[in-house]
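All of the numbers you see were taken from the coordinates with simple rules; none came from a lab. Remember, it's a predicted structure, so these values are computed and weren't measured experimentally. Note: ideal-geometry Cβ built from the backbone for every residue, glycine included; neighbour counts use all protein chains shown.
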Amino acid sequence: MDVLIQYEYRASKKEPFGVLLRRLHDGLVQASLPVSYEFGFADSPVAGGVSAVGRAVKKFPQLAPLVQTVSVTGLLAPEHKVITGGDAALPFEILAGVADGLPRSLPFHSARVRFGGPEFGTGPPLVPTGIDACDSWWVNGRQRSLLANFVLDVGESVRVLPAPPGGAGRLSRRIG
């Protein structure tokens, strides 16, 4: 029987987002796991204000092909720009450099980086496995979260869920 396990870690807003991403990346390397990631950085869907996507493209021209214009279906929000891609599209050091700008010089409305791979298991279609680092703005300030989703194959008679095996388990212990 496959069981989806979600760990929620404390993600301090005092630790810069770029430092958090580098710590996760180093943890993957030290756990001998392949490093693969997906990312998304979005401007605010509210009209007006500064475009963090525009600032990021000016600072890192390599991001220009990754910019898309999206609109949120069902909301009266205008179109807004996002930078989205994966490890094949952008080297990690540039991604970490963009994350270093949060929230001052690059005030993205939301930023999400998901480190994943087959070591985390295969979950339901709408629940991606891996480690999600998120930073977003809301009415009461910046919100930061760090989640890990694993799928483990356990027997039906198991009462206490085991820790993730191999490198994924070492990484989860290293994170906290």
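Points to keep in mind about this one:
- Extension gain for LYS13-SER136 works out to 43.2 nm (0.36 nm per residue, less the C-alpha to C-alpha distance).
- Counting neighbouring Cβ atoms within 10 Å and putting the fewest first, the residues ASP153, ASP132 line up as ASP153, ASP132.
- Going from the residue with the fewest nearby Cβ atoms within 10 Å to the one with the most, VAL70, VAL46, VAL139 rank VAL139, VAL46, VAL70.
- The chain: most fluctuating residue of PRO65, PRO164, PRO124 per GNM, C-alpha cutoff 10 Å: PRO124
- Those residues of region 79-108 whose amide nitrogen sits under 20 Å from the label point placed on VAL29, 7 Å along Cα→Cβ: 86-101
- Computed from the C-beta positions of ILE175 and GLU79, the FRET efficiency with R₀ = 25 Å rounds to 0.10.
- Computed over the chain: relative contact order in percent, which uses C-alpha pairs under 8 Å that are six or more apart: 32
- Among PRO45, PRO78, PRO118, the largest mean-square fluctuation in a Gaussian network model of the chain (Cα springs under 10 Å) belongs to PRO78.
- Charge dipole (debye, nearest 20) of the chain; +1 at Cβ of Lys and Arg, -1 at Cβ of Asp and Glu: 720
- Comparing mean-square fluctuations of ILE83, ILE94, ILE131 from a GNM of the chain with C-alpha springs under 10 Å, the top value falls on ILE94.
- Note on the chain: percent of Cα-Cα distances in each 10 Å bin, starting at 0 and stopping at the bin with the largest distance, equals 9, 35, 33, 17, 5, 0.
- The alpha carbon centroids of region 1-75 and region 98-176 are separated by 12 Å.
- For region 1-80, average projected area of the Cα convex hull in nm²: 9.3
- With neighbours defined as other Cβ atoms within 10 Å of a residue's Cβ, the residues VAL72, VAL113, VAL82 order from fewest to most as VAL72, VAL82, VAL113.
- Maximal additional length on extending the MET1-SER36 stretch stands at 9.9 nm, based on 0.36 nm per residue less the C-alpha distance.
- Mean shadow area of region 104-176, taken as a quarter of the surface of its Cα convex hull (nm²): 7.1
- With contributions of -39500 (n - 2.57) from each DSSP H run of at least four residues, the per-residue ellipticity at 222 nm computed over the chain stands at -7000 deg cm²/dmol.
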